[in-house]
Every structure is written in C-alpha cells, then in structure tokens.
1. If only one of 73, 60, 47 is hydroxyl-bearing (Ser, Thr, Tyr), surrounded by 20 or more Cβ atoms within 10 Å (Cβ to Cβ) and not in a strand (DSSP E or B), which one is it?
2. Taking into account only those residues within the range 360-389 that are in a loop (DSSP other than H, G, I, E, B) and in contact with a Lys or Arg (Cβ under 7 Å, 6 or more places away or on another chain), which is modelled with the lowest pLDDT?
3. When the range 143-170 is examined, which residues are found to be touching a residue at least 40 places away in the same chain (Cβ under 8 Å) and surrounded by fewer than 17 Cβ atoms within 10 Å (Cβ to Cβ)?
4. Working only within the range 101-122, note down all residues that are exposed (fewer than 15 other Cβ atoms within 10 Å of the Cβ) and in contact with a strand residue (DSSP E or B) (Cβ under 6 Å, 6 or more places away or on another chain).
5. Which residues, counting only those in the range 200-221, are modelled with pLDDT under 85 and open to solvent by less than 40 Å² (accessible area, probe 1.4 Å)?
6. I'd like to know if the range 57-72 contains one or more residues that are at pLDDT below 90 and touching an Asp or Glu at 6+ places or on another chain (Cβ under 6 Å).
7. If you scan the range 38-56, which residues turn out to be touching a residue at least 40 places away in the same chain (Cβ under 8 Å) and of a type outside the set (D, E, K, R)?
8. Under the condition of being more than 28 Å from residue 323 (Cα to Cα) and among the polar types (S, T, N, Q), which residue from the range 445-470 is modelled with the highest pLDDT?
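The values are calculated or read from the model by the stated rules, or taken from the named source; none is laboratory data. This one's a predicted model, so the numbers in the text were calculated from it and none came from an experiment. No Cβ is skipped: glycine too gets one built from the backbone with ideal geometry, and neighbour counts run over all protein chains shown. Ligands, DNA and RNA are stripped out before the accessible areas are found, and what is left, the full protein with its side chains, is counted by its heavy atoms. Shrake-Rupley method; radii C 1.70, N 1.55, O 1.52, S 1.80 Å.
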Amino acid sequence: MKRLFLLLSLVLPMTLGAQQWEIGFEVPSVFIDGLINEDNTAIIAGYQYENEDDFHSVVYKVGEKGEYEIFSYDHEFDNVKFIKIVPTSEGYFLVGVEETGSGTVEAYDLHIAVLDSGLSLIAHKQLSAEGEYSFRRHHDAVVRDGNIVVLSEVIGDGLAIAKPAFLVFDEGGELIAESYPEQGDEIYDMDNLNFSDNQLRVRPDGSGYVVIAKYTLKGMRLLIYDNDFNFKEIVSVGHPEYGGSNMYNDHEVSSDLWMSDDEIMLMGTYFNHPEDEDRYEVIISGVSLDGTVNKYEVISSDTCHSAFIGNNAMSYVNDSTIYGGYHSYSSHAIPFHTQICLFTRDLEILGTLTVKDRLGYSDKSLLTYDNGDVLLLRSINSYKPQWVTEASITRFSRNDFSAVLNVNEVSEDEIANMVYPNPTDGELNIDIRGIDTGSENRVRIIDMNGRTLMSRIIRGSGNVLTMDVSSLDAGVYVYEVFNAEGTISKGRFVKK
C-alpha cells in the first residue's frame, strides 16, 4: 500500500545562487540514501516522524521537474529506519534497522525490503544477529554478481566495541551467506576502531572488498578482505602535509565515496592543525589502496573556532567530474550554510555554490544527474519539536556552478601563466617555452563538466602554441599541457 502526496507548491528558496526547483516537506522527515535512475527519476530512502517517539520508513520518488510521490507501506516499517538503497535487476533492495535494545544496550534487528520497479513491496525480512552477537545501527551495501553484500557492525561475544560482519542476500531478500568476526582476527582486538561510519566497496580488481573506517584518535583506515570475507590487512591513511596517521580523525568522512580503478576519492575534515588548534580543514584526496595519498586539496581553510563542519557528502557525474559538499553549524560569527564544490578527479576546483540553511538542518546528501545537475537533500536527524525544520529537496543546475567562474574571477596568476588573449573570441596562444617539443607532450581544452573538447600533440619548435577555439561556446575553460608523467602547466581562459 502507498500513500500518495501530490506536489502542491514550490517552497521559495533561501539561497545564494539560482535553482531549478525546490520541494519542501512540512512533516518532519529524514533523507538517508538515494539514487537517480536512467530516466532521471530520483529514488530516495528515508523516514518520517509521527511524533517524538514514533516514525515509519518511506520511499520518495522525485521526477525530473520536481513532481513527486511518497510511498509508505501500511505500517510494515514502523520504527524502522531505511538507511541504504541499491538497485537490482527488477527493482530495489533496501536495508533498514529497528532498535530492539533498551537502556544503555544498543541492539537492532536488520530489516530487508525488496521493491519492484514501481516501488511496490514484494518481500520483507527481519533478522537478528547470529549467536551471541547483536546488530548495531550502521550498515552499508553493494551489489556484486547478482547478489547484495551487506556490511553490518556487530557487538557481543566478548567484543569491547562493534566490529564488521558481512551478510549476502539474493535479489529476493533471502540470506545465502554470512560471516561474523572470530577470535584471533587482528581486527577483533582493535578496540579503538570505530565502525559508526563504515563504508563498503568492491576491490577494483575483483579480489575482495575494502571497508573504509575511522580509528578513534588516529584517523582513517582501509580494511582489506578477500572474496570469502577473510580479513587480510589494515592500511593507514596519513595526512600528506602534516604527517602521522590522523587524517580525517575528528569528523565523518564523506557519506558517498567514489572508487575508481586505482584509488578511492575521499572527502572529510581535519582538525588540530599544527598552526591553529581550532582550525578545521575540508579536504578532498585521492588515496591508493596501499594508503598513499596521491591527490590532496583543501577546499576551505576557514578558522571555525566554535563552529562545526561536518556531514560531508560526495557524488560524481562521470570519470572526470565530482561534487563534494559540506555544511557548517552556526556560531556567533558564522551563519548556517552548505557549500557545494564542483571539481575534477585531479582536484581542479571548477566552481562552488553556497546555500543558506534554515535553522535545524543536520543531515545532507547529494545526488547527481548525467548532465551535471545536482540534488541537495536537507533534513533533520532527530525529532525535537523546538528544532524541527521543513525538509527540502533542491535541484541546482550545473550552470549555477560555472557562473561563479566568470571573466572577472580568472586570476592574474593564471593570465600570467601565459595564455592570451584572455578573454578570447578566436585564437588562443599558450606559452610553451621550456617544454621539450621532441617529447610526447600534449595540450587539451576541458570544459566545466570535465570533458575534453580539444586535444593535440605539441610538435615543432617555438615558444607559443596557437589553437583555434572559435568553435567553443562562450564560457570558462581549462587548458592543460601534459605528458605521460603528468601535468606540466594548466590554467583557465574565457571564451567570449
């Protein structure tokens, strides 16, 4: 059974920057996880509060123009929180949890819901942990070989703190395999390892799994497992500038990490800066599976003092373009806001968008369309009547980000990085003095979606390479001179 709510009006935005549409939900709502289908329909899992003590899970279906339906399931999931949704060949597989412990003991039952493509419920399973174990609240899931692998955290059997467990389901929701931590595993005795923000990824070469977790006071760890869920090794991720292994050691890492063929793209915050103990840095990095930080970019160096930066989110459009977002709680000096950054996989920041927040937003997530548009989901994470704020889903255009990179914001350094005329309406001259034209060097022109539009080999002698860019649309572009060893020079230019 479903409850259908029609879109009545669009809530007026409180934003810096344009938007295509915004939906507001007066019922206290929480958005947890979502995806966008090939037909540009967003499917979002979450739950709605009925009062301070009671809530029920729902699924939101949001069309490309902002029309939406809310699917509820006849109290099938009262006091169950849907926390993960993954696509199947015939519909969707959802993971939820229901608190069953009392007092100081946190224990949860695991709920599995299987929906068809029309979001009708076709299967519901409720499970308790095996033996002496109890499930905790945090889970992640991935699709592999036609099955769904669920990463759970469990407590019990002598564990001082929650540790990872794996459960494998078929697409109909039947449990077909499970693996719990065993005495003697190195991971079993690491009491400071915190799995409250665990994330699961399939290793790119198909040889097993990677669990991304925080190690209390010591930062990020990558836990490597084989295909049978045997623990193999633990890898530390260190801060590339300040040393040690305390990268991302204070606040949560992004709620959606992108794993390419050779590295994981991370977003998070770092605190206790060597030069300022109250400084928080929002950082993006590319990390190999051996813990090597290959890329690193600070996207905000504000001194936050009593403010708190967190609830990071990440989403990607294609192999080149990624969105990252974070928000800051208000202090006396800093208002509530969400910042969304658009950057390439090489961490070239292409644009930003700052969105003013209404009081009370605490959970954030991002979803992206193929054309580069982005959905910002904002909601509460607990029901406190004095703090309840309308939840909202807002669609921003890709152009809202490129608009901040106009001719007046191309730096003198980039102009001096020898590309002229800038702006240009036809020919673009790139200074290539000092570049060995006998080597296999290339130059390419990239748009703000990270797509390569023009590319050519640098041949012959001379100090200047001239390219005809008259066919490009008006806007801001990136040029890059590079070879097999990496980037030699790059900068932005404006096409009039």
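1. Being hydroxyl-bearing (Ser, Thr, Tyr), surrounded by 20 or more Cβ atoms within 10 Å (Cβ to Cβ) and not in a strand (DSSP E or B) holds for just one of 73, 60, 47, which is 73.
2. Our first condition is that a residue be in a loop (DSSP other than H, G, I, E, B); within the range 360-389, this holds for 360-362, 369-373, 380-389.
Applying the additional criterion that residues be in contact with a Lys or Arg (Cβ under 7 Å, 6 or more places away or on another chain) yields 361, 371-373, 389.
On the way: 361: 59, 371: 82, 372: 82, 373: 87, 389: 64.
If we take residues in the range 360-389 being in a loop (DSSP other than H, G, I, E, B) and in contact with a Lys or Arg (Cβ under 7 Å, 6 or more places away or on another chain), then 361 is modelled with the lowest pLDDT.
3. 143, 144, 146
4. Hits for the range 101-122 are 116, 117, 122.
5. The answer is 212, 213, 214, 215, 219, 220, 221.
6. Here is the first cut: in the range 57-72, the residues at pLDDT below 90 are none.
No; the residues of the range 57-72 include none that is at pLDDT below 90 and touching an Asp or Glu at 6+ places or on another chain (Cβ under 6 Å).
7. Within the range 38-56, 40, 42, 43, 44, 45, 46, 49, 51, 55 qualify.
8. Within the range 445-470, the first condition is being more than 28 Å from residue 323 (Cα to Cα), and the residues that meet it are 456-468, 470.
So of that shortlist, the ones also among the polar types (S, T, N, Q) come out as 461, 463, 466, 470.
Working: 461: 60, 463: 72, 466: 86, 470: 90.
Per the criteria, the residue is 470.
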